[in-house]
1. Of the conditions (1) open to solvent by 50 Å² or more (accessible area, probe 1.4 Å); (2) under 27 Å from the mean Cα position of the chain (by Cα), residue 400 clears all except one; give me its number.
2. Can you tell me which residues in region 398-439 are out of contact with any His (no Cβ under 8 Å at 6 or more places or on another chain), within 21 Å of residue 327 (Cα to Cα) and among the acidic types (Asp, Glu)?
3. Residues being farther than 15 Å from residue 112 by Cβ, touching a helix residue (DSSP H, G or I) at 6+ places or on another chain (Cβ under 7 Å) and of a type outside the set (Gly, Ala, Ser): count how many of those fall in region 74-86.
4. For region 342-375, how many residues meet the condition of being without any contact (Cβ under 8 Å) to a residue 40 or more places away in the chain and buried (at least 20 other Cβ atoms within 10 Å of the Cβ)?
5. Would region 377-388 turn up any residue that is open to solvent by 40 Å² or more (accessible area, probe 1.4 Å), of a type outside the set (Lys, Arg) and not in a loop (DSSP other than H, G, I, E, B)?
6. From the set of residues in region 195-215 that are farther than 22 Å from residue 279 by Cα and within 29 Å of the chain's Cα centre (by Cα), which is least open to solvent (accessible area, probe 1.4 Å)?
7. State which residue is farthest from the chain's Cα centre (by Cα) when the search covers only region 415-466 and only residues that are over 19 Å from residue 478 (Cα atoms) and among the acidic types (Asp, Glu).
8. Failed condition for residue 322, given (1) surrounded by 15 or more Cβ atoms within 10 Å (Cβ to Cβ); (2) modelled with pLDDT under 95; (3) not in a loop (DSSP other than H, G, I, E, B), with all others met?
Amino acid sequence: MEMENQLVELCLNSACESKDSVEKWRRQKRSLERLPSHLADALLRRLHARRLLYPSLLEVVKYTIEVVDLSGENAVDSEWMAYIGAFRYLRSLNISNCHRLSSSGIWAVAGMTTLRELNISRCLKVTDAGIRHLLSIPTLEKLCIAETGITARGVTLLSSLKTLMFLDLGGLPVTDQALSSLQVLTKLHHLDLWGSKISSSGSDVLQMFPKLNFLNIAWTNVTKFPNLPHLECLNMSNCIIDSTLKGPGDNVPLKKLIASGATFSNETEDLGFVGTSFLYHLDFSNASLHRFGFLTHMKALEYLDLSSTTIGDNSIELLASVGENLKNLNLSCTTVSSSGVGILAGKVPKLETLSLSHTMIDDVALSYISTMPSLKSIDLSETDIKGYIHLSAAEGSEFLSLTKLRTLDCLEMLNLEHTHVDDGSLRPLSKFPRLSHLLIRSPSFTDVSLSYLSILPKLKTFSIRDAVLTNQAFDFLKPAATLQRIDLRGCWLLTEDGLLEFHRRFPQIEVRHELFHFLSDPTSSNRPSTHLTPKKLRLNQRNRSTVTSPYFVDQRLKYSREELLALQFSSLAQSSTYTPETSHKSDS
């Protein structure tokens, strides 16, 4: 099976290699008509990704394609739709964010008998006239028309699509009257009404959707908390919640509640109207909460976002009491300190993702975090982490605090952007065997960090931004075979030549920088051998010896970024390429 998959991959890559290769096989029309649908779908996706897809090419696969995703393709217009309308077995079409598409283009899919899913979200030129074309599709089950030019009158036309089960009307001016006209859609289980014009009184009609299990009424004037018998996921972000909508039960049997930026009245802040037995996802980020006693009843919680709320160390004990099943915890932008993190120590055995960005924690918190054995992702950005703990005279001068995280055998992602760590304090990270995503950002980093961190055996994404890196760092760089992306934005001392040389040596790595953005080349499965001239080889060896020296002090740290930029092409900067022997002679 693996051999077959590799063969298919080679064939797809060969077919999408260039315009010439496409032109060769497009003439084999009969062979393509017998192509299995999953291979035809993969071929279409590959052509689209490589910008080799054009309208007339669609005709070749009209008997095999079942799924078409052209989201964000600005070229899609009535011509493209004319070819898509001829597809015999099309069941899913995504043409969202196609800004040239208008209502006249929608006419091409009118009357399709196989189409079940259609997404035209954010196609601003599609109006009520486009909706009229869709009314002749008897099989439509999923329809997304968010942020289009459709009015409330156009929404009322949807009442004839009795087979709809999924309806996204986000950002449309849906009124109470328009919503009332949709109550005949009794099969609906997903309804998105964010940003609409419905009111609290108009929301009473929601009781008429017996199978509704997902409801998004964020950014609306609805103030009643809906109590629907089958509702599992509710989004009331940026709403003012002051009462509960009457329903068949005492509590809303939710599994997922999102109320980011919501305002709760004193009567609703205790969340007594929410059934806690099944609630596993709770997002109250930026919500106006002052009491957190409701947490003690939510024993099933797995995801909890309290970022940008008033929670502090005095409320962490409430959180710890329900920490047994927690897998994702976001406390960023709160007043939680290292002491608060200490309360969680040993109380969250299943926690996999922890965000403490923009909090008051320092290096002491790392000892407590090390007691959370299941952690895979940690965000410590914008904190007071320094990477050092100063010890007493008897114990020694200082301790590298990041060493504490070595006990986290599952750790895959670590964010240390805008902290106070430097080259030296990052050295313990070179011993983290499973770390695959590392983000650091500070002018305190030099070529030294790039050299010993890029060789982490599992590293896939490495972001080292705003660092004082030079082209010389690339000369002795040997990145791990797993590295896929490296972000060097803000490293202004790097030049175009240096970035081009790096991309030539490692074409399979995506490189991000202000000067260039190199996408990885998936056809480069093996790393090309790098040939160094004797002069470059000596320079490479000299830099490597400098990196390994424990007494090395990077003199560039004495200068500001502006001064370094001024020195970049000056004679002083050029003199830095002298050999050690020359430098010693000048010193004497």
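1. It fails just one condition, (2).
2. 409, the sole residue that qualifies.
3. Here the count works out to 3.
4. Of the residues in that region, 13 qualify.
5. From region 377-388, those open to solvent by 40 Å² or more (accessible area, probe 1.4 Å) are 382, 384, 386, 388; that's our starting set.
Of the ones still in play, those that are also of a type outside the set (Lys, Arg) are 382, 384, 388.
Imposing the further condition that a residue be not in a loop (DSSP other than H, G, I, E, B) reduces the set to 388.
Yes, that holds for at least one residue.
6. Taking region 195-215 and keeping what is farther than 22 Å from residue 279 by Cα, we get 195-205, 208.
Narrowing the set further to residues that are within 29 Å of the chain's Cα centre (by Cα) leaves 195-196.
Numbers: 195: 33, 196: 9 Å².
Filtering first and then ranking leaves 196.
7. Among those that are over 19 Å from residue 478 (Cα atoms) and among the acidic types (Asp, Glu), it is 422.
8. Only one criterion in (1) surrounded by 15 or more Cβ atoms within 10 Å (Cβ to Cβ); (2) modelled with pLDDT under 95; (3) not in a loop (DSSP other than H, G, I, E, B) is unmet by residue 322, namely (3).
The values are calculated or read from the model by the stated rules, or taken from the named source; none is laboratory data. Everything quoted here is computed from the prediction, not taken from an experiment. So basically every Cβ, Gly included, is an ideal-geometry build from the backbone, and we count neighbours across all protein chains shown. What goes into the accessible areas is simple: the full protein's heavy atoms, side chains included, and nothing from ligands, DNA or RNA. Shrake-Rupley method; radii C 1.70, N 1.55, O 1.52, S 1.80 Å.
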